[in-house]
Structure formats: structure tokens, C-alpha cells
Amino acid sequence: DQQVKQNSPSLSVQEGRISILNCDYTNSMFDYFLWYKKYPAEGPTFLISISSIKDKNEDGRFTVFLNKSAKHLSLHIVPSQPGDSAVYFCAASCFKGKNTGGFKTIFGAGTRLFVKA
Amino acid sequence: EAGVTQSPTHLIKTRGQQATLRCSPISGHTSVYWYQQALGLGLQFLLWYDEGEERNRGNFPPRFSGRQFPNYSSELNVNALELEDSALYLCASTQNNPGGEQYFGPGTRLTVT
């Protein structure tokens, strides 16, 4: 049962345009939603997150939107740059208490973004 | 500040052997998470260690085990290796802050032949 889904395995965008990566989740208990970026031969790096009580968080070129009613979040990158080409993982997290499981973080399968120069 | 480190970078084993993977968290982080990323799949949660104890494990058989040392570094052991254990194994550390963002190492690529 995939609780976090990224339905697009890949996305190709022209440099300077907007990249929109999408993510859907099924569990209403998640407290935070996070995006990670992964280059080949490196571990994922944290990019941006959003609390479940917000609907938008912005950090420079990166904005995450959360639609709780639709159980959907998206990452917008504007403007897209060739260096943004990577795999982007969506993750959903909830804290269950230190002695009852800690952070439950579920990752999506990832979307590979290609930004063409 | 040094990031999360993992060793070895690559590991090649044959079926039935045992593999040991190592992870050192960011200084000050007491929690270590292990994930498996098989080809084409997302990150699957394996184990969580915090302050020297195993706190939670994912849906993996008991031949996946590990431990956390007093300095918070961690080992992942995989016994009786099977071909489908071939994957990238990622370690992450966290301060257990509310957002739960984790800081990942570069991973160990395990190949079982």
C-alpha cells in the first residue's frame, strides 16, 4: 500500500520555465511534508518542507503547496535551471513519540527532472 | 561541519554471505535511520536507532539487523544475503526536530551475485 505516490516518473522542462512536481498521499495523520533532491551517487538532500497546518511555503526559487482536502502537494521551481536536474522525492512524516516508533517517514518513488538548456 | 558518512561506498558479496555497512551521523545527532533503495523504487524504511537502542523497524526480515554505538554511529548487518538485497543502502541522521528532516549519507551500493 503506497501511502505517498509520485505518479510521474520523469519530467522534462526548458531552462527558465516552471517545473511542477506532484505528490499525492493517503494518510491524514501526516504532520509534515518534505521534498528531497538526489543527484546520482549522492544521498538525498533536504530541500523544503511544509507543516500540515499551512498551505504554502516558499524558499527562494522553490515553493511547496499543500492541498489537504485533495491530499496533494506540489513543488514549484521557478525559474528552472540545468543544475536542478535530479531525482526529487516527496516524503510525508509524522512523529509517533520516541518510544512508540519515532518519526514515520514515507517516501515516494521519486520523479526525475530534466532541465534542458 | 562534517555530514553523514557511510562506508564502504561499494560492496560486492555472494549469495549466503553477510554484509556489514557503517554509518556515522552528523555530530550532535542521536538518531540514525537506515533505508533501502532498490532499483526503480523509493526509499524503504529499514531501521531506526536512537540513543543506542533500536526504536523501530520496517517490513524487512530479521536477517536485517544492526546496532548503534555509544558515539551514535551505526552498523547495518544483512545476513544470508539474497540476490534481491542488491540495492543502495542509505543512512540518515536527524535531531528529531518537529519537521523530521533527515540528513543523508551518500549510501553504500550493495551488489549480491
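Please treat every number below as a calculation from the coordinates, not as lab data. Nothing here was measured: the structure is a model prediction, and the numbers come from that model. Please note: Cβ atoms are built from the backbone with ideal geometry, for glycine as well, and neighbour counts cover all protein chains shown.
Could you point to the residue in A:Leu21, B:Thr30, A:Thr63 farthest towards the positive end of the protein assembly as shown's charge dipole, with +1 and -1 charges on the Cβ of Lys/Arg and Asp/Glu respectively? Going by the charge dipole, the pick is A:Leu21. Across every direction, the projection of the convex hull enclosing the Cα atoms of chain B has a mean area of 6.8 nm².
Determine the sum of side-chain charges near A:Leu113: Lys and Arg each +1, Asp and Glu each -1, restricted to other residues whose C-beta is under 11 angstrom from that of A:Leu113.
That works out to +3.
With the contact rule set at Cα under 8 Å and sequence spacing of 6 or more, what percent relative contact order holds for chain A? Provide the component values of the computation, followed by the final result.
On the way: 284 pairs, mean separation 41.3, N = 117.
Contact order relative to length: 35 percent.
Taking 8 Å as the Cα distance limit and 6 or more residues as the minimum spacing, I'd like the relative contact order of chain B as a percentage.
36 percent
Taking amide H positions as modeled 1.01 Å from N, with prolines and chain starts lacking one, the residues under 5 Å from A:Ile48 and 5 or more places away or on another chain are A:Trp35. Remark on A:Ala86: its backbone amide H falls under 5 Å from those of A:Leu113, a criterion applied only to residues 5 or more positions apart or on other chains, H modelled at 1.01 Å from N. Remark on B:Gly66: its backbone amide H falls under 5 Å from those of B:Asn77, a criterion applied only to residues 5 or more positions apart or on other chains, H modelled at 1.01 Å from N.
Taking 25 Å as R0, compute the FRET efficiency from the Cβ-Cβ separation of A:Asp59 and A:Phe114 and round it to 0.05. Don't skip to the answer; put the middle values down first.
On the way: r = 22 Å, r/R0 = 0.89.
After rounding to 0.05, the efficiency reads 0.65.
For chain A, a simple Cβ point-charge model (Lys and Arg +1, Asp and Glu -1, everything else neutral) yields a dipole of about 160 debye relative to the Cα centre.
For A:Thr63, neighbours were defined as the other residues whose beta-carbon sits under 12 Å from its Cβ, and their charges (Lys and Arg +1, Asp and Glu -1) total 0. Only one residue of A:Gln6, A:Ser49, A:His76 has its Cα farthest out toward the positive end of the dipole of segment A:4-116, where Lys and Arg carry +1 and Asp and Glu -1 on Cβ, and that residue is A:Gln6. In sequence order, segment B:82-89 has phi-based couplings of 10, 4, 6, 7, 4, 5, 8, 9 Hz under the Karplus curve 6.51 cos²θ - 1.76 cosθ + 1.60, θ = phi - 60°, and Gly or Pro positions carry x. The per residue volume of the convex hull around the alpha-carbon atoms of the protein assembly as shown is 124 Å³. Between segment B:1-17 and segment A:28-54, what's the alpha-carbon centroid distance in Å? Value for the Cα centre distance between the two parts: 24 Å.
Provide a whole-number value for the mean count of partner chain Cβ atoms within 10 Å of the Cβ atoms in peptide B:100-109.
On the way: counts 15, 12, 10, 4, 7, 3, 4, 5, 0, 1.
Counting other chains' Cβ atoms within 10 Å and averaging over B:100-109 gives 6.
Count, for each residue of A:31-38, the Cβ atoms from other chains sitting within 10 Å of its Cβ, then give me the mean as a whole number. List each step's numbers first, then the result.
Numbers: counts 3, 5, 1, 4, 0, 5, 0, 5.
Counting Cβ atoms of other protein chains within 10 Å of each residue's Cβ and averaging gives 3.
Within a straight-line Cα-Cα reach of under 20 Å, A:Lys5 can be paired with the following aspartates and glutamates, leaving aside sequence neighbours fewer than 8 residues apart in one chain: A:Asp24, A:Asp31, A:Asp55, B:Glu101.
The Cβ shell under 15 Å around A:Ser85 holds other residues with a net charge of +3, Lys and Arg each +1, Asp and Glu each -1.
Given chain A, what whole percent of its Cα pairs are spread farther than 22 Å? Don't skip to the end; give the middle numbers.
Values: 2081 of 6786 pairs.
Roughly 31 percent, once rounded to a whole number.
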